[in-house]
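Beneath this line is the structure, given in structure tokens, with notes to follow.
The values are calculated or read from the model by the stated rules, or taken from the named source; none is laboratory data. Note that this is a predicted model, so its numbers are computed, not measured. With ideal geometry, Cβ positions are generated from the backbone for all residues, glycine too; neighbour counts draw on all protein chains shown. In case anyone asks, the SASA skips ligands and DNA or RNA and just uses the protein heavy atoms, side chains included. Shrake-Rupley method; radii C 1.70, N 1.55, O 1.52, S 1.80 Å.
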Amino acid sequence: MRFSLSGSPVRRGLTYVAIFCACAGLVAIWRRVLGADTDPFLVVSPSHIEQCDHPRVEVDVHWWMPRRRVGTIYIYTVGEAPEPWHEARGRGMARTGDWVADGTTILLTDLDGRVLARRTVTSIRCST
Amino acid sequence: MWRYRVWVVLVAVAATTVGAWWIDRLALKVQVNSYLFSYGFWASSLPVCVLLGALIALTGRAALSSFLSLALMACLCLINAEKIKYLALPLTAFDGYLLKHPDWNTVVLFAHYINAAWLLLGFVLLVAGAVLLWRIERPLLIGRVLVRLGCLAVVLGVGAYLLFGDMGRRAYSEELLGISPASPFLTQFRAGVLGTLLHETDYMGQALDEPIDGRAVKQLKLRLNLPSSDAATFAGIPPDVVVIQSESFFNPDVLEEVPDTTPWLPSLHQATAVGVSGLMTVPTFGGGTLRTEFEVLTGIPLAAYPRMQFPYLQISRDTLPGLPHAFDDAGYRTVAIHGNSGEFWNRRYAFRSLGFSTFVTTHEFKPTGFKDGLFLSDHSMTEEIIAQLQQEQRPTFVFAISIEAHGPYKGAPVNDEAARMAIAMPAGLSRVGRDEFSRYAYHIAAADREFGRLWSYLEHRGRPYVLVFYGDHLPGFEKVYRELRFRNGQPAESQRVPWVAVSNVPGHGSTRNMYAWMLPQTVLELAHVKAPAYFSFAAAAGREAMGEADGADNSQLLDGLYSAARMQLDDAFDDDVDPKVRHAL
């Protein structure tokens with residue numbers, strides 16, 4: 001059988017949509033099989049702090065590592081070397097001490113050191 | 001058609017400014033969109049837009065101009081990242097002083113930190129990308145030379161107006177950019193590298209404009225209660241004095257994983273046991289030798305001049321008070337020795353101002369001098385010191401600055417591979433870390449060996465001598481500090497270097513920790529040479545500062561000390577306190 005994209009514009013359009021859906025489906029199956037069904041993520045809350053009233057705060061760090069993957073969460077202030085802080089396995093949350101400041105970065109890496117996500121806390125100007 | 005051109009230029013501006021900010025963030029290793037569209041972003045984007053506009057006017061092509069602008073930004077941020085990696089400091093406008101004094105030896109020294117293969121690849125990609133874009137991109141303005149030149153003039157004119165002068169000073173002010181005087185990293189994080197550089201250019205020429213608080217000086221003089229004269233009494237032949245500033249020297253046994261260093265640093269250990277020694281706080285880390293050197297030679301804490309990065313490049317005086325002048329006044333011949341170009345860091349001019357009568361640089365070294373690794377060996381430097389001491393009967397003050405142990409270390413050659421392999425490696429280092437550490441250890445073992453050889457020579461020479469040896473700063477490692485820990489739990493930048501003095505002149509002291517600017521007083525004291533009043537004052541203030549409990553408010557003491565240092569630089573420090581003032585205080 002010979003595949004052809006000739007025919008009416010509607011038919012051609014539908015063929016393109018079908019090919020796209022098939023490719024998307026294959027990618028989804030491949031990611032599910034490999035366990036890479038979701039990208040790792042990292043959320044820091046709050047991600048902005050008030051410079052004057054609260055220059056150092058506690059923050060909640062939420063993470064999600066796809067199944068069978070283990071990572072490490074590092075914390076560092078801008079210009080300094082990352083320090084390991086927490087192991088990241090599955091879904092989790094941890095609270096820091098009240099030492100997170102403007103420029104503090106939370107970094108999620110896999111065990112080979114590959115960077116998976118990076119979040120940096122910034123500050124908002126003083127209201128006065 | 002004009003609407004299309006405007007759209008193309010606007011898209012290029014948006015892509016280039018956001019791309020430049022993204023590159024900026026990568027160099028700082030922070031989230032790429034942090035502070036995107038903040039004031040710092042716009043302030044950093046302005047020079048990018050000026051460059052882009054100028055390139056569009058010149059080439060007539062938006063994509064090509066955007067590509068070249070981003071390539072330039074990438075180069076700048078790469079230099080920034082490399083400086084952070086080795087010196088733990090971001091790029092500052094003061095680094096531009098190096099460009100004001102171009103010297104081939106400076107280029108060669110910094111070239112050692114660049115991976116030539118990556119540099120070549122980057123250059124090839126840059127040229128290929130530029131040629132490709134030149135060929136495939138449809139020009140916005142074909143011909144129309146006058147229109148393009150007009151655009152160029154407008155862009156440069158508006159750019160100069162906005163970036164420099166009063167307008168620039170307001171736009172790049174401390175308040176608007178969120179400058180943090182305590183942290184250059186935080187400053188760059190908020191303002192971007194370009195915003196920070198433009199902010200700093202405003203006060204680059206004002207490094208010496210620091211206030212002098214005469215009252216604080218007088219109060220400190222009273223508090224220290226120093227004798228009015230510090231006259232030395234020494235009846236015998238004045239000793240020869242040799243001070244060695246050893247490149248990147250520290251004792252690695254301050255690292256938890258490093259075993260006893262006595263087998264490969266025997267002279268340091270022996271001198272510590274029999275001489276005067278201690279730890280010294282220096283004003284630099286990983287590089288910036290001249291900062292420690294300046295403090296040791298002048299007794300002036302660089303903290304008194306927070307905007308001074310490179311003192312020899314930023315101070316232009318015919319005479320600078322300091323250690324060489326003190327020895328000269330005492331009848332000494334004063335010699336400086338350094339196995340590099342005299343133009344590096346502008347030393348030739350600075351040493352003349354400081355009062356050295358002779359400056360021996362690479363060109364004057366004996367023909368038998370040789371390199372070990374990338375730089376002239378410590379063995380060759382010792383030979384020069386001995387040659388200088390043998391030249392005449394007058395007592396001699398030699399200040400020698402070594403260079404053999406200068407970085408980079410990773411993969412750098414050494415003359416004796418077997419000796420390198422014989423040094424015991426600390427546990428916990430990666431392959432790169434081991435390579436880096438072993439090559440560094442090899443060079444400082446050579447420094448220690450040469451220190452021992454010189455010590456032995458002076459001991460057997462039959463003349464009085466004082467030999468002082470110290471490290472100028474900790475080395476700039478790429479991996480070692482990340483993989484090992486310091487016993488005191490402090491980061492590498494906060495560590496101190498060892499200093500040690502041995503002598504056959506009577507009257508030694510014991511262990512003394514100090515700041516680098518306290519060393520000249522100690523050197524003169526050990527040599528029984530009359531110290532200028534300022535040296536005694538600074539040393540006493542330093543001891544007072546070190547004796548204060550951590551966290552104590554020593555701002556009054558520092559105000560007095562720094563003001564005294566500024567007076568000293570102006571050659572206006574007076575050790576007497578007017579009795580009326582004494583009474584009033």
Name the residues of region A:48-89 whose accessible area falls by at least 30 Å² when all protein chains are present instead of the chain alone, probe 1.4 Å? A:Val78, A:Gly79
Just flag the trypsin sites (Lys or Arg not before Pro) in region A:23-125 sitting in loop per DSSP whose Cβ has no more than 11 other Cβ atoms within 10 Å. A:Arg67, A:Arg68, A:Arg114
On average, how many beta carbons from a partner chain sit within 10 Å of the beta carbon of a residue in B:183-189? 5
At 1.4 Å probe size, with the rest of the protein present, what percent of the exposed accessible area of region B:28-175 is carbon and sulfur atoms? 76
With angles folded into 0 to 90 degrees, how steeply does helix B:214-224 sit against the dominant principal axis of chain B? Use alpha carbons for both and round to 10. 40
Prolate/oblate/rounded call for region B:221-307, Cα gyration tensor, a/c under 1.5 rounded: oblate
Given a 1.4 Å probe and no ligands, DNA or RNA in the count, how much accessible surface is buried by B and A, both sides, to the nearest 100 Å²? 1200
What whole-number value in Å² describes the accessible area per residue of the protein assembly as shown for a 1.4 Å probe? 48
What per residue convex hull volume, in Å³, do the alpha-carbon atoms of region B:1-160 yield? 151
Please work out how much accessible surface B:Val50 shows to a 1.4 Å probe, ignoring ligands, DNA and RNA, in Å² rounded to 10. 30
Mind checking the log10 I(q)/I(0) for chain B at q = 0.05, 0.08 Å⁻¹? Debye, one equal scatterer per Cα, no solvent, two decimals. -0.26, -0.64
Test item: A:115-122 mean partner chain Cβ contacts at 10 Å: 4
Provide a whole-number value for the mean count of partner chain Cβ atoms within 10 Å of the Cβ atoms in peptide B:25-35. 6
Percent of all alpha-carbon pairs of the protein assembly as shown at distances over 52 Å, whole number, is 21
Would you list, by chain and number, the lysines whose Cα falls below 24 Å from the Cα of B:Lys479, excluding same-chain residues fewer than 8 positions away? B:Lys29, B:Lys83, B:Lys85, B:Lys410
